[in-house]
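Quick notes on the structure that follows.
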Amino acid sequence: MNTTLASTDVMTAVVSRGYGPPESLEITQIPRPAPKAHEVLVRNHASVVTHAVTEARRGPLMARLYFGLTKPKWPVLGTNFAGTVIAISPSVTRFAVGDRVTGINVSDFGAHAEYIVATEDGVIVPTPAGFSDVETVAVFDGSITALPFIRDRARLSAGQSILINGAAGAVGSAAVQLAKHYGANVTAVCSTGNMEAVRALGADHVIDYSAEDFTQARDAYNVVFDSVGKSSFARVRRSLTRDGLYLTTVPSVGILARMLWSAFFGQRKAAILFTGLAKPAEMARNFAYLRELVEQGALVPLISSVHPIEQAAESHRVVETGHKRGSAVITFDTVGGVS
């Protein structure tokens, strides 16, 4: 028997029921979730459209292996959220109604909606002091991906050199700031129009990719981090020091083969990390650590665009240009937290 839901039992969400272009997205009403044991219900004010989200909507072959072969397994897109706790289950002790929080849903998306539930011991923390919800989702957007590359795999330390390709994007801009936090000498590669913004993030040297080919350098960098997948190990190999490391965020048969080959032959290495598949406990620790860096002033957001939920498709288009500066944010009301 069909039951009509009261207005308080529904919410507006961005829904992707089948693979397709940005125009295939639906802005529609769906049932509002309710918190179960150890869960909080968050009135969501902001989220981000990432490359992974556009791939989940678009459905290329590699993406379908994870997101669903014939249609999306998780129709409500989005990972990052920021808002206010409006309800908690009786078992919750870490948060209270009225708390401003931010987090990432690492299991089944759901953040492109007005409400989202999260476990209190999951990837969720109090919103950094003085940050709006828009600023908050942006500052955690690329940094949660960049951190394992910069800190854990590259193990950057003072005096080392790193080149970051795609330094104006969400991941790249976070990588610039993290690399500087660990004391590295940072060379950033971006477009002409983004050079000043990247320099303001702390980059020691900035290369305009339209005017200079960074791969022509020889034995120059301990690490080359391609945050946008526009180069290859073969192209940058000679730019690395003899024991240098090439990192990329974009999976391909080529990088997987190079990663395996370089693990056994040669001193220069190639690697990719699947940070989105990290265990929730590990991601929660990283998220809490990043919050500390944000409050210390070591990380600031870089925002490309802000669109209301009704214009979610436009945010997808911004991301798919491949030239966005920082994060593409979507909002779910006009509250947005404090400035």
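Descriptive notes on the structure:
- Between the beta carbons of V253 and L69, assuming R0 = 25 Å, the FRET efficiency works out to 0.85 to the nearest 0.05.
- Peptides 181-188, 136-143 ranked from most to least packed give 136-143, 181-188, packing being the mean of other C-beta atoms within 10 angstrom over each peptide's residues.
- Set of segment 116-135 residues, backbone N closer than 19 Å to the point 7 Å along the Cα-Cβ line of S89: 116-125
- Candidate lysines - alpha carbon under 22 Å from K279, same-chain residues fewer than 8 apart omitted: K36, K73
- Tilt relative to the chain, helix 253-264 - C-alpha long axis, 0 to 90 degrees, to 10: 50 degrees
- Residues of type lysines that K324 reaches as a straight line, Cα spacing below 16 Å, ignoring anything fewer than 8 places off in the same chain: K230
- Bridge type composition, segment 143-276 - antiparallel percent by DSSP, nearest 5: 0 percent
- Distance in nm between pseudo-label sites at H323 and A37 (7 Å out along the Cβ direction from Cα): 5.4 nm
- Helical runs assigned H by DSSP (4 residues or longer) give the chain a calculated mean residue ellipticity at 222 nm of -7500 deg cm²/dmol, each run adding -39500 (n - 2.57) before division by the residue total.
- Segment 123-221: radius of gyration and largest Cα-Cα distance (Dmax), Å: 14.1, 45
- For the chain, share of DSSP beta bridges that run antiparallel, in % to the nearest 5: 55 percent
- Acute angle (nearest 10 degrees) that the helix 280-296 long axis makes with the longest principal axis of the chain, alpha-carbon atoms: 80 degrees
- Computed from Cα positions, the angle between helix 170-181 and the longest principal axis of the chain comes to roughly 60 degrees.
- Spatially proximal aspartates and glutamates relative to K71 (Cα-Cα < 17 Å; intrachain offsets below 8 disregarded): E23, E26, E55, D108
- Pairwise FRET efficiency - R151 versus E310, Cβ, R0 = 30 Å, nearest 0.05: 0.20
- Structure-derived semi-axes √(5λ) of the Cα gyration tensor in Å: which label, when the choices are [x] 39, 23, 19; [y] 29, 24, 21; [z] 35, 21, 18: [z]
- Residue-count net charge about L293 - beta-carbon cut-off 12 Å; Lys, Arg +1, Asp, Glu -1: +1
- Relative contact order for segment 25-175: 26 percent, from Cα pairs under 8 Å spaced at least 6 residues apart, divided by residue count.
- When H205, H112, H38 are arranged by Cβ crowding within 10 Å, least crowded first, meaning fewest neighbours, the order is H205, H38, H112.
- As a length-normalised measure over Cα pairs under 8 Å and 6 or more apart, the relative contact order of the chain settles at 19 percent.
- Calculated from backbone phi, Karplus (6.51, -1.76, 1.60) coupling profile of segment 241-249 in Hz, x at Gly/Pro: 5, 4, 10, x, 10, 9, 10, 9, 9
- Part-to-part distance (alpha-carbon centres) for segment 105-166 and segment 1-80, which is given in Å: 20 Å
- Residues whose placed amide H lies under 5 Å from that of Y115, excluding near-sequence neighbours: N44
- Rg and Dmax [Cα atoms of segment 143-276; Å; Rg one decimal, Dmax integer]: 13.4, 41
- Relative contact order, whole percent, for segment 143-276 stands at 21, derived from Cα pairs under 8 Å and 6 or more residues apart.
Each value in this text was obtained by applying a stated rule to the coordinates, not by laboratory testing. What you see is a predicted model; the values in this text were computed from it and never measured. Because the Cβ atoms are built from the backbone with ideal geometry, glycine has one as well, and the counts that use them run over all protein chains shown.
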